[in-house]
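Just below is one structure, and these are the notes that go with it.
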Amino acid sequence: MKDTVIRVENLSKQYRLGMVGTGTLSHDLKRWWYSVRGKEDPFLKVGEANKRDVKGEGDYVWALRNINFEVKKGEVLGIIGKNGAGKSTLLKILSRITSPTTGEFKVKGRIASLLEVGTGFHPELTGRENIFLNGAILGMTKSEIRSKFDEIVAFSGVERYIDTPVKRYSSGMYVRLAFAVAAHLEPEILIIDEVLAVGDAEFQKKCLGKMKDVAGQGRTVLFVSHNMTAVKSLCPNSILIKQGEIVKTGTSADVIDAYLNDERQVDFEKEWKLNDAPGNDKVRMLKAKVSSPGSKQTDTLTVESEIELEFIFQNLTQLNNINLSTYFCGLDDFVIFATTSKVVERSNGLLKFTCRVPARFLNAMMYKIDVLYVSDSSVVHSFTHCLQFEIEETERKGSYWFGKWPGVIRPSLNWQETEIKEQNLTMKKAENA
Amino acid sequence: MPEEQWTLVVKPKNSWFDLHLKDVWHYRDLVAMFVKRDFISAYKQTVLGPLWFIIQPLCATYLFLFVFSSIAHLSTGNIPGVLFYLSGLTVWNYFSTCFNKTSVTFVSNSTLFGKVYFPRLVSPISTIISTLVTFLIQFLLFLGFLAYYVIFNGLQLQLSPYLLLLPYLVLLMGLLALGSGIIISSLTTKYRDLTNLVAFGVQFLMFLTTVVYVLPSAGKKRALFLANPMTAIIESFRYAFFPTGNFNWHQLAYSSIFTLVILFIGILLFNRTEKSFMDTV
């Protein structure tokens, strides 16, 4: 039997919402008064499940509740869940940045965490100095770093600039150097949070490869990511966290399926009042809607129907050269295609954008829509997951095959079918000769 | 079945005395790197560089000379005014800079602390060490003025054996500043009210030492000054150079014990706070 290197028992974390102010002081005094009399903290009894989008009543929320799991030596465990499900809180507790409210965890071996690439990099220091600084912050000793120095520089590919202050680096070079240091850490347990979301495609591939190596060397890795492909390829097993609780553990394939199915709710139309509309101080989204204008059924979209997307925005300041980039994504957040609107020269009021996707273009599957609101070539705000809808299969005419249509789109293209008579073919040959 | 060997067990509330000081030792290379970082980043892209550390005490010395000597006619004993104020300021500056910097440890490092774990004590310790550079520069300035007075003004200088105490005095100040700084930083993570008091308090504290006046020979005022642990340190520092000061082993022992107590309380509080300050900072 393999050794257990991490054991998490009944781990919970409670957060207080809102501002620190006089209210906090009175709660602290009450808490102190209870502890003086040897009673349990009264605020541990209150608190609600961690639902990000539901307005709660109380001031206390359980970011994590009764988390139990074990990790064996050499295991690479994925942790997935929606934004705000509690993944990062779990990692923060395991990497000792904050402590649990109740419960405990035990660890065997040295633990290093990578919640961000380039933690503690100082812009004024050179690449060389930052390698030593960053390495020391991550827990390496000077001699360990010195022995790996050449390897780190080679991996980063910024050899030429190693004695230049990192503030002169391009953001790509910066990230490469930072990841190179982190990749050469050699703790027994490594905790990684979404660091792959950086760098260009080539470098991401290199990072994934490096992480596979790390896992292959028998080290234990906890990996949190939204990138399902990465989780699937790196981690044999995963756990799914939802609203602060573990809802599923098992092989990554099963857990990811459960996660994606859970996401399968449909949002055909969303409307907001200005005050709680998504957006920022420049623009708010008031409405997002998907419909099929021609069809009689309003609650289903089919492969045969024309699809219309509609977005209404309120500009809060004057913006110039506005356009809308719309991303059609699959459930795994992979962008299938993107389309942009024409440019609106100037607006400081309400703006409506509509876009029609022709019939027989999308396949029968779930789509998510992300929208980037762009002004003067820069993103004012990105509205992720504005809409989510499923395109349904209809009766296929003239086809005897009923299986799942492969691919992420199903464009109906202009096919020409002509029967060629053998006589014509021989005549052509003769002409050419 | 034998009890399993865990290298680390994290619970919501560990014992007050579970200090992990060994961890700090393990991260000693990080202390060195932080010191280097502070040193390099302090001078980059300033034209005058370390000269700024000289200008500041010089201005303060001449200001004190003007206000306390010329206007208020306060005595500086047998020590020339410039040397009297400069010696006091050199020592005081080290303490107050360390104190001010370490008292914001949690607040100013929150982004770093929020992303990676290392024993948080590493940060204030490296601050104490990197501030030594400033102290040394100002100390050299003081020595320069001392030499000037000896050569051109015929000041009698006798090398006293108490000069050997200087490293101990610096260490004492560093630890005192560390202890009191981390107490303040632990208390201000949640309620920032105290921060407002600190800036004012440090200045106030300076006037309760002998930076600007001679230690009164008797009375309540003398007791008040001596209650301040910095007084004995400043007096000992002056005594090492000028034979006409107050030096008393008892007072120095008092300062040392005071420092140890403060440091101990500081480390306890700091350890308590570092575990969950991210939720409240």
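The values are calculated or read from the model by the stated rules, or taken from the named source; none is laboratory data. Since the structure is predicted, the reported quantities are computational estimates derived from the model, not experimental observations. Heads up, the Cβs are rebuilt from the backbone with ideal geometry, glycines too, and the neighbour counts pull from every protein chain shown.
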Exercise. Where in region A:276-344 are there strands (runs of 3 or more DSSP E), lying wholly inside it, with at least 3 residues that are in contact (Cβ under 8 Å) with a residue 40 or more places away in the chain?
Worked result: A:283-291, A:307-315, A:319-329
Problem set entry | Search result, residues across region B:19-36 that are touching a residue at least 24 places away in the same chain (Cβ under 8 Å) and over 16 Å from A:Gly139 (Cα atoms) | B:Leu19, B:Val35
Problem set entry | Residues located in region B:217-248, provided they are among the small types (Gly, Ala, Ser) and surrounded by 21 or more Cβ atoms within 10 Å (Cβ to Cβ) | B:Ala232, B:Ser236, B:Gly245
Exercise. Can you name every residue in region B:249-271 that is surrounded by fewer than 18 Cβ atoms within 10 Å (Cβ to Cβ), out of contact with any helix residue (DSSP H, G or I) (no Cβ under 7 Å at 6 or more places or on another chain) and not β-branched (Val, Ile, Thr)?
Worked result: B:Trp249, B:His250, B:Ala253, B:Leu260, B:Phe264, B:Leu268
Problem set entry | Per-region count, region B:231-281, residues among the charged types (D, E, K, R) and under 30 Å from B:Gln158 (Cβ atoms) | 2
Exercise. Mind checking which residues of region B:108-151 are aromatic (Phe, Trp, Tyr), touching a residue at least 24 places away in the same chain (Cβ under 8 Å) and within 14 Å of chain A (Cβ to nearest Cβ)?
Worked result: B:Phe113, B:Phe118
For this session: Scan region A:71-116 for residues that are under 23 Å from the mean Cα position of the chain (by Cα) and among the acidic types (Asp, Glu) and report the count.
Result: 2
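For every residue, the table says whether it meets (1) polar (S, T, N, Q); (2) surrounded by 12 or more Cβ atoms within 10 Å (Cβ to Cβ); (3) at pLDDT 85 or above.
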residue	(1), (2), (3)
A:Gly330	no, yes, yes
A:Val344	no, yes, yes
A:Glu393	no, yes, no
A:Trp401	no, no, no
A:Asn414	yes, no, yes
A:Thr418	yes, no, yes
Problem set entry | Check on B:Leu112, surrounded by fewer than 21 Cβ atoms within 10 Å (Cβ to Cβ) and not basic (Lys, Arg) | yes
Problem set entry | Sole exception among (1) more than 19 Å from B:Tyr27 (Cβ to Cβ); (2) at the interface with chain B (Cβ under 9 Å from one of its Cβ atoms) for A:Leu77, by number | (2)
